[in-house]
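Every read-out reported here was derived from the displayed coordinates using simple, explicitly stated rules and does not represent laboratory data. The model shown is predicted, which means the values in this text are computed figures rather than measured ones.
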Amino acid sequence: THTHTHTHTQAPSELLNNIAALYHKRGLLAQAQVFYTKALKQLGVKPPSDAGELLDVDTPDVQAALRGSAVSILYNMARLNEDMRRPAYAEGLYRSLCVELETYTHVSTTQHVHAYTSVYEHAYMHG
């Protein structure tokens, strides 16, 4: 006879990010926010609680996560918050990414995020 042992394991952050992205694409924004947040928390990253607040990047766990999949999750979460009409919150996420990317990733990626942030700022400041 076979016995099945069920162990509760957490879904990988990449899977949670993909689920969130599907909700986002379908226009289910609140559900997308929940799954992006779960994905970040699984990586040890606590999203900013207030609009415009920068992500706390001073802990080694957060720094390690931001060298991995947390960058794409935060970027997706920023885009979601634009769609949720929360530009100040989105801006805090973009600025956090810029600060961290300047330190840890290739310059061309940083320039892309800076360029996007500039377009974003122009659209919300002048649009």
³J(HN,Hα), Karplus 6.51/-1.76/1.60, whole Hz, each residue of region 24-37, x for Gly, Pro: 4, 4, 7, x, 8, 5, 5, 5, 4, 4, 4, 6, 4, 5
Karplus (6.51, -1.76, 1.60) ³J(HN,Hα), θ = phi - 60°, over region 41-47, in Hz, Gly and Pro reported as x: 4, 4, 8, x, 10, 9, x
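If I stretch the segment between Val34 and Asp83 completely, what's the gain in nm (0.36 nm per residue apart, minus their alpha carbon distance), one decimal? Please list the in-between numbers first.
Values: separation 49, 0.36 × 49 = 17.64 nm, distance 1.48 nm.
Stretched fully, the Val34-Asp83 segment lengthens by 16.2 nm.
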